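First the structure, in the form of structure tokens, and then the observations on it.
The values are calculated or read from the model by the stated rules, or taken from the named source; none is laboratory data. Nothing here was measured: the structure is a model prediction, and the numbers come from that model. Don't worry about glycine lacking a Cβ; one is built from the backbone with ideal geometry, like all the others, and counts go over all protein chains shown. Only protein heavy atoms, including side chains, enter the accessible area calculation; ligands, DNA and RNA are left aside. Shrake-Rupley method; radii C 1.70, N 1.55, O 1.52, S 1.80 Å.
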Amino acid sequence: MAIQGMEIFAITVVTLLFYLVLKQFGIWEPLSLEDSSDSDLELATVRHQPEGLDQLQAQTKFTRKELQSLYRGFKNECPSGLVDEETFKMIYSQFFPQGDATTYAHFLFNAFDIDRSGSIRFEDFVIGLSVLLRGSVNEKLRWAFNLYDINKDGYITKEEMLAIMKSIYDMMGRYTTPSVKEDAPFEHVEKFFQKMDRNRDGVVTFDEFIETCQRDDNIMSSMQLFENVI
């Protein structure tokens, strides 16, 4: 993977790496035509019982059958009905054994853990998944912006973007060609802000973020990569 274009990779990496999570949960499979029952989500003895199908269908862009299939995969891997941060880190570490995915997994976990409970519920998982796979471009970019806005104050600072970029380099850096220089994350953050910080006030707003992304054909194309995977 060439290090040119890492700022584009930083924006689309959420969707690309979600393939790994789907595979881990056994969800990246064609939906079965069996189990066409209109019954609600089957609820086992779990620590957390998800909302009903009707409510989740209204909140996402998945059909009832798709939600049933997603829940089966989620429940098989997470019988308690919850995913904690350590499990999330373990999933990513399995796919990047020669890198360190800990910090990136932490940031991604926080993006899914909407209520800051320390656990990802099925609802959190499937709502985020709906945005990443079926959402509009604006919805996907809003999700990505929220990932980079670490302290959730509505702005992306250089420090926040640098933390994200360093976590990506820590996870992927050994696979890049040529090898990554120690100051490469900083250089890419500087390029990122040159493009996005239009009023040069030192922070990137959502409007600046989305306007710049929408003008970049590569970013717009990458937003559509996984729209029909399930």
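Using each residue's phi in the range 71-80, evaluate 6.51 cos²θ - 1.76 cosθ + 1.60 at θ = phi - 60° and report the 3J(HN,Hα) Karplus result to the nearest Hz, with x for Gly and Pro.
5, 4, x, 5, 5, 4, 8, 10, x, 6
Just order 101-108, 188-195, 55-62 by mean Cβ neighbour count inside 10 Å, highest at the front, would you?
101-108, 188-195, 55-62
Please report, as a whole percent, how much of the solvent-accessible surface of the range 58-98 comes from carbon and sulfur atoms (probe radius 1.4 Å).
In the range 58-98, the share of accessible area belonging to carbon and sulfur is 51 percent.
What distance in nm separates the simple spin-label points at Ser117 and Met90, each placed 7 Å from Cα in the Cβ direction?
2.0 nm
Mind scanning Lys75/Lys195; Lys75/Lys191; Lys61/Lys158; Lys65/Lys158; Lys65/Lys89; Lys61/Lys191 and naming the pairs with a C-alpha gap bigger than 31 Å?
Numbers: Lys75/Lys195 43 Å; Lys75/Lys191 42 Å; Lys61/Lys158 34 Å; Lys65/Lys158 43 Å; Lys65/Lys89 29 Å; Lys61/Lys191 35 Å.
Violating the 31 Å limit, Cα to Cα: Lys75/Lys195; Lys75/Lys191; Lys61/Lys158; Lys65/Lys158; Lys61/Lys191.
Taking the Cα centre of the range 54-171 as origin, sum charge times position over the Cβ atoms of Lys and Arg (+1) and Asp and Glu (-1), and report the length of that vector in debye to the nearest 20.
So the dipole magnitude of the range 54-171 works out to roughly 500 debye.
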